[in-house]
Amino acid sequence: MAPRLLIVLAMFFVVAAPARADLVQFDRAHASKGARLARAAGGTELAHELQIWRVPTYAIADLRRAGVVRITRTERLLPTMAASLQLATDPLVPFEWWRAAVGADQVDSPGPGKPVTVVDSGIDLNHPEFATRPNTTALNPQTTSEIDEDHGTAVASVVGATNNGVGIVGVYPDAVLRIWDASPFGFLNEGAAIQGIYEAALQGPGVINLSFGGEDDDPLLDDAIRFAFRSGSLVVAAAGNEALDGNPPNFPAFYPHVLTVGATDESNQVARFSSISPTLDLAAPGVRIPIAEPFAQEPTGFSTTGNGTSFASPLVAGTAAWVWTTRPDLDNTQLFELMRRSATDIAAAGFDNASGYGLLNIPSALNFRTPTSDPQEPNEKPREIEAHGLFSSATPPLTTAGHIAGSITASVDRSEDPIDLYRVWAPAGRTLRAQVKGSVRVRLLARATRVHALAVGKRGVAAYRNRGKGTFVYVEVRPAVRFTEYRLGLTAVRK
């Protein structure tokens, strides 16, 4: 497979799909009307709570005239993050060198627990790694007949190929494995991927693996990921294979709240193709990884090894589910931080753009201290914390008319969580004080159509005198360093 694939317009040549399709997100205030019009035009609902639909391109103009559209996007094909496939002439299991590299050979994995959902091309359910595997669920029909539909089987095998004496063994062989086929027309496409992320989130908290990406920033894909994170899931994505092509931003890996994974080689060095990025969180083996192949692509089912961050990402996703199964009291924000902070540093001390916080270390992750929870995420934008914005319900305000003092402990990160925004009550005739402890900056903002600053923090304190009626305002917290924990305290005094 070519190391770099161009994103092209999605053109479908099967009866079940329109000749050309666009993705539409309806304005929440007009969602019912929009859904009715989209359905009449032959559209398909992809994510109900996010109001995202796939509709024929010809219907877009009518939907815009009806005043129901928030965003439209031409549906794209999504490149996978497999750099190449190589023939292997020896049995594959002895070549799973990654086991020693990440410490998988030092500890026993648990039985079934937290699920891993692979959103990718379909998997070959007749393959010996999956045919009789317990706790394996296809969330939609699976296809593997097209030339580019081998990727999902390979990725899923790295997560959870069962320990059955055949072929290979995944990082978490007894994982609860769920599969969403995002290539219903023979290629990974954007709408199907968004729908898969959304459906995975509806299943309850778990780990979602995304071994695909592209250079085009798509707010609808970002919304689906934010919905999954708010729903309690951890989203893991391949960083990309563009180190030799200028390291362009790769989405979804570039989005906040995505655990982004680069690739390493047998020397525990960053692979030469692995994308370098300030959003990278950790690295995992991604060179010459033994993988399973669909029978439609390879009659033996086991003739290739894979290179690419596509195969590093499922190692981290499977490990995250393993850790979460053995440490079920963690929430997804704690698991996110634990996975990267427990990594083994392999470059300059601390964070770097090539390996993040270091190389995946399973024994360390299993025993790492429990990080502080980061509540109310995602909360970067007003539409993420207000009712009937991105989500149907609002986040709880930190203070109200009946409780004018409050506090919260949380964290911010320049790449993964650049802003924390909270609703707070500013009582009439009182001075609202927001005081922070930690390497952060704080502001008080007006809660209006055009958000503007009411007060800018000095020495960790922002104060605003409300001379009008009592009202809700926002407290904004931003990091002054790459990552920091902080404590925010709120009081309202008469003077």
Answer residue from the range 288-320, given it is touching a Pro at 6+ places or on another chain (Cβ under 7 Å) and part of a helix (DSSP H, G or I) and is surrounded by the most Cβ atoms within 10 Å (Cβ to Cβ) among those: 312
Just one of the numbered conditions (1) at positive phi; (2) free of Cβ contacts under 8 Å to residues at least 40 places away in the same chain is not true of residue 186; which one? (2)
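Okay, residues lined up against (1) among the β-branched types (Val, Ile, Thr); (2) in a loop (DSSP other than H, G, I, E, B); (3) out of contact with any Cys (no Cβ under 9 Å at 6 or more places or on another chain):
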site	(1), (2), (3)
221	no, no, yes
227	no, no, yes
236	yes, no, yes
254	no, yes, yes
261	yes, no, yes
266	no, yes, yes
283	no, no, yes
Residues 418, 396: which one is touching a strand residue (DSSP E or B) at 6+ places or on another chain (Cβ under 7 Å) and of a type outside the set (Ser, Thr, Tyr)? 418
Go through the residues of the range 177-186 one by one and say whether even a single one is of a type in the set (S, T, N, Q) and either open to solvent by 10 Å² or more (accessible area, probe 1.4 Å) or more than 15 Å from the chain's Cα centre (by Cα) (or both). yes
Of the residues that make up the range 226-243, is at least one at pLDDT below 95, open to solvent by 10 Å² or more (accessible area, probe 1.4 Å) and among the small types (Gly, Ala, Ser)? yes
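Go through the range 346-375 and give me each residue that's among the polar types (S, T, N, Q) and either buried (at least 19 other Cβ atoms within 10 Å of the Cβ) or farther than 25 Å from residue 231 by Cβ (or both).
As a first pass, look at the range 346-375 and keep what is among the polar types (S, T, N, Q): 353, 355, 361, 364, 367, 370, 372-373.
Scanning the range 346-375 gives 353, 355, 361, 364, 367.
Among the residues of the range 94-111, is there at least one that is farther than 26 Å from residue 228 by Cα, of a type outside the set (Val, Ile, Thr) and at pLDDT below 90? First the steps, then the outcome.
At the first step, the residues of the range 94-111 found to be farther than 26 Å from residue 228 by Cα are 94-108.
With of a type outside the set (Val, Ile, Thr) added as a condition, the list becomes 94-101, 103-106, 108.
Going one step further and asking which of them are at pLDDT below 90, we end up with 94-95.
Yes, the conditions are met somewhere in the range 94-111.
Report yes if residue 202 is at pLDDT 95 or above, within 16 Å of the chain's Cα centre (by Cα) and either open to solvent by less than 40 Å² (accessible area, probe 1.4 Å) or among the charged types (D, E, K, R) (or both), otherwise no. Give the steps one after another, and end with the answer.
Details: at pLDDT 95 or above: yes; within 16 Å of the chain's Cα centre (by Cα): yes; either open to solvent by less than 40 Å² (accessible area, probe 1.4 Å) or among the charged types (D, E, K, R) (or both): no.
It is false that residue 202 is at pLDDT 95 or above, within 16 Å of the chain's Cα centre (by Cα) and either open to solvent by less than 40 Å² (accessible area, probe 1.4 Å) or among the charged types (D, E, K, R) (or both).
Give the range 321-354 a look and list any residue that's of a type outside the set (Ser, Thr, Tyr), assigned to a loop (DSSP other than H, G, I, E, B), more than 16 Å from the chain's Cα centre (by Cα) and at pLDDT 95 or above, or say none.
Within the range 321-354, 327, 328, 329, 330, 343, 345, 346, 351, 353, 354 meet the criteria.
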Check whether at least one residue in the range 458-473 is within 16 Å of residue 418 (Cα to Cα), among the aromatic types (Phe, Trp, Tyr) and in contact with a Lys or Arg (Cβ under 6 Å, 6 or more places away or on another chain), and report yes or no. no
Among the residues of the range 355-366, which ones are part of a loop (DSSP other than H, G, I, E, B) and either over 18 Å from residue 413 (Cβ atoms) or aromatic (Phe, Trp, Tyr) (or both)? 357, 360, 361
Can you give me the number of residues within the range 268-281 that are part of a loop (DSSP other than H, G, I, E, B) and either open to solvent by less than 10 Å² (accessible area, probe 1.4 Å) or among the β-branched types (Val, Ile, Thr) (or both)? 7
Filtering the range 321-345 for residues that are of a type outside the set (Gly, Ala, Ser) and open to solvent by less than 10 Å² (accessible area, probe 1.4 Å) leaves a count of 7
Residues that are free of Cβ contacts under 8 Å to residues at least 60 places away in the same chain: find the strands (runs of 3 or more DSSP E) completely inside the range 419-495 holding 1 or more of those. 420-426, 431-437, 440-445, 453-456, 461-465, 471-479
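Output the number of residues of the range 386-396 satisfying the condition of being under 15 Å from residue 375 (Cβ atoms) and surrounded by fewer than 19 Cβ atoms within 10 Å (Cβ to Cβ).
The first filter runs over the range 386-396 and keeps only residues under 15 Å from residue 375 (Cβ atoms), leaving 391, 393-396.
Next, only the ones that are surrounded by fewer than 19 Cβ atoms within 10 Å (Cβ to Cβ) stay: 393-394, 396.
Count: 3.
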Tabulated pairs, the range 282-293, first within 23 Å of residue 130 (Cβ to Cβ), second crowded, with 24+ Cβ neighbours inside 10 Å and of a type in the set (Phe, Trp, Tyr), C-beta under 6 angstrom, 6+ apart or interchain: 285/98; 286/311; 289/311
If we scan the range 417-434, do we find a residue that is open to solvent by 20 Å² or more (accessible area, probe 1.4 Å) and within 27 Å of residue 339 (Cα to Cα)? yes
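What about residue 414, is it in contact with a helix residue (DSSP H, G or I) (Cβ under 7 Å, 6 or more places away or on another chain), surrounded by 13 or more Cβ atoms within 10 Å (Cβ to Cβ) and at pLDDT 95 or above?
Numbers: in contact with a helix residue (DSSP H, G or I) (Cβ under 7 Å, 6 or more places away or on another chain): no; surrounded by 13 or more Cβ atoms within 10 Å (Cβ to Cβ): yes; at pLDDT 95 or above: yes.
No, not satisfied.
In the range 114-141, how many are open to solvent by 30 Å² or more (accessible area, probe 1.4 Å), over 18 Å from residue 182 (Cα atoms) and in contact with a strand residue (DSSP E or B) (Cβ under 7 Å, 6 or more places away or on another chain)?
The total comes to 2.
So, in the range 151-166, exactly how many residues are within 21 Å of residue 310 (Cβ to Cβ) and either open to solvent by 10 Å² or more (accessible area, probe 1.4 Å) or in a loop (DSSP other than H, G, I, E, B) (or both)? Reasoning before the result, please.
Taking the range 151-166 as the starting set, the residues that turn out to be within 21 Å of residue 310 (Cβ to Cβ) are 151-162.
Those left that are additionally either open to solvent by 10 Å² or more (accessible area, probe 1.4 Å) or in a loop (DSSP other than H, G, I, E, B) (or both): 161-162.
So the count comes out to 2.
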Looking only at the range 208-220, which residues are over 17 Å from residue 121 (Cα atoms) and surrounded by 20 or more Cβ atoms within 10 Å (Cβ to Cβ)? 218, 220
Among the residues of the range 464-482, the number that are open to solvent by 50 Å² or more (accessible area, probe 1.4 Å) and under 23 Å from residue 412 (Cα atoms) is 3
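The values are calculated or read from the model by the stated rules, or taken from the named source; none is laboratory data. Everything numeric here is computed off the predicted structure, so don't read it as measured data. Backbone-built Cβ (ideal geometry, glycine too); neighbour counts: all protein chains shown. Areas reflect the complete protein model, heavy atoms only, side chains present, ligands, DNA and RNA absent. Shrake-Rupley method; radii C 1.70, N 1.55, O 1.52, S 1.80 Å.
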